[in-house]
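Trainee: Mind having a look at this structure? Questions to follow.
The values are calculated or read from the model by the stated rules, or taken from the named source; none is laboratory data. Since the structure is predicted, the reported quantities are computational estimates derived from the model, not experimental observations. Quick reminder, even Gly has a Cβ in these numbers, built from the backbone with ideal geometry, and neighbours come from all protein chains shown. Ligands, DNA and RNA are excluded from the accessible area calculation, which covers all protein heavy atoms including side chains. Shrake-Rupley method; radii C 1.70, N 1.55, O 1.52, S 1.80 Å.
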Amino acid sequence: AASTITPESHSRSHQLLYLFFNRRRRPLPPRHHLHLWVRIPKTMCIPCCICVSTSEVVVVERLGKFDRLIPAGLGVIVCPCEQNAGQVSFRVQQLDVRVETKTKDNVFLTTVVSVQYQVIREKVYQAFYSLTNTQQQITAHVYDVMRSQLPTLELDAVFEAKEDLALAVKNALSETMSDYGYQILQALITDIDPDNRVKQAMNEINSAKRLKFAVAEKAEGQKILQVKSAEAEAEAKYLSGVGVAKQRKAIVDGLRTSIVDFSDGVKGASSKDVMDLLLLTQYFDCVRDVGSAKHCKTTFVPSGNMGAGMRNDLLVADAAKLS
């Protein structure tokens, strides 16, 4: 078995051959025609089977140099010339980065940024050989973006600009990590945690504002209730007055009709006599209504001739009007 080694990958071998040909004053063969034959016994080449999981590839190196990728399924590695350098997963990975910084109004807070990333299938070589620690590289870029954006915002504005901050982190990471074979799927700000004393102060401020608003609304409600109650009372009194006026008008109309009918039916009866009779009738109706009430237990009535007494009272009333 023989292996071809180019000068680009084995510069030390090329230098030794250069010295060998130069010592004998022979022309050095072109670089692409330079071959180094290494004899390896056939008994040392052992094919080994390897199983690759779904959504993964295995990086195979031949004598220390990248040779090929083995996709998911069953693969073969020729030992000892080839070796398994590592696996690359195409699954979506997530990295949570905690960043502590301060805002424009000098409030220290801790934010948690969740970065979801994935290896680009066409750039497996760059993803495997470009970076030593991928998560450390992503963490550094997240620190840089968050510590440059948050100091320009006040605490209240940080909560409102969460989507803008996440977009800034995603754009910065996508621009950098794509060269290394990674695509940034999403950057999410999952937590914004200020100091406990700041949170208590914010809660007290919001509680005071809400209490003030509640008191104002309660007073406004009482005002409206009193206004509506006064309007209802005025409306009720107006309607009651209208009802009483209509009632009295109906009584007067009835009395007028009764007087006319009584005068026509009784010869020699004057209007004065008819009025006295009607007033006496109403007096008896009033005494009956008062005596039949539930809360009335005793009714006092004047003794003697009630008709003569009422007549005298009416005459006194008329005399007072004339005077």
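Trainee: Against the conditions (1) closer than 14 Å to Q183 by Cα; (2) crowded, with 18+ Cβ neighbours inside 10 Å, where does V113 fall short? Just the number, please.
Mentor: Among (1) closer than 14 Å to Q183 by Cα; (2) crowded, with 18+ Cβ neighbours inside 10 Å, the lone unmet condition for V113 is (1).
Trainee: OK, next. Please identify the pairs in which a residue from the range 60-75 that is farther than 11 Å from Y125 by Cα and of a type in the set (K, R) has its Cβ atom under 7 Å from the Cβ atom of a residue that is in a strand (DSSP E or B) and open to solvent by less than 70 Å² (accessible area, probe 1.4 Å), counting only partners at least 6 apart or on another chain.
Mentor: Matching pairs, first to second residue: R62/E82.
Trainee: Give me the residue from the range 89-104 that is open to solvent by less than 10 Å² (accessible area, probe 1.4 Å) and at pLDDT 90 or above and, out of that set, nearest to L173 (Cα to Cα). Working first, answer last.
Mentor: Initially, the range 89-104 is screened for residues open to solvent by less than 10 Å² (accessible area, probe 1.4 Å), giving 97, 99, 103.
Checking the rest, the ones that are also at pLDDT 90 or above come to 97, 99.
Details: V97: 13, V99: 16 Å.
Result: V97.
Trainee: Is it true that D195 is under 30 Å from A127 (Cβ atoms), out of contact with any Gly (no Cβ under 7 Å at 6 or more places or on another chain) and among the acidic types (D, E)? Explain how you work it out, then say what you get.
Mentor: Numbers: under 30 Å from A127 (Cβ atoms): no; out of contact with any Gly (no Cβ under 7 Å at 6 or more places or on another chain): yes; among the acidic types (D, E): yes.
Criteria not met by D195.
Trainee: At pLDDT 90 or above, among the acidic types (D, E) and more than 23 Å from the chain's Cα centre (by Cα), is that true of D164?
Mentor: Judged against the criteria, D164 is not a match.
Trainee: Kindly provide the set of residues from the range 194-234 that are open to solvent by less than 60 Å² (accessible area, probe 1.4 Å), closer than 30 Å to L95 by Cβ and of a type outside the set (A, V, I, L, M, F, W, C), ordered by number.
Mentor: Selection gives P194 alone.
Trainee: Looking at the range 164-183, I want the residues that are part of a helix (DSSP H, G or I) and have a partner that is hydroxyl-bearing (S, T, Y) and surrounded by 14 or more Cβ atoms within 10 Å (Cβ to Cβ) with Cβ atoms under 7 Å, at least 6 apart or on another chain. Which pairs are those?
Mentor: Short answer, once both residue conditions are applied: M177/Y117; Y180/S130.
Trainee: Would you mind stating whether F128 is within 19 Å of E175 (Cα to Cα), open to solvent by 50 Å² or more (accessible area, probe 1.4 Å) and touching a strand residue (DSSP E or B) at 6+ places or on another chain (Cβ under 6 Å)? Can you show your working first?
Mentor: On the way: within 19 Å of E175 (Cα to Cα): yes; open to solvent by 50 Å² or more (accessible area, probe 1.4 Å): yes; touching a strand residue (DSSP E or B) at 6+ places or on another chain (Cβ under 6 Å): yes.
Taking the combined requirement at face value, the residue satisfies it.
Trainee: State which residue pairs qualify: first residue among the small types (G, A, S) and inside the range 141-157, second residue surrounded by 16 or more Cβ atoms within 10 Å (Cβ to Cβ) in any location, beta carbons under 9 Å apart, and separation of 6 or more residues or different chains.
Mentor: These pairs meet every condition: S148/A168; A157/T103.
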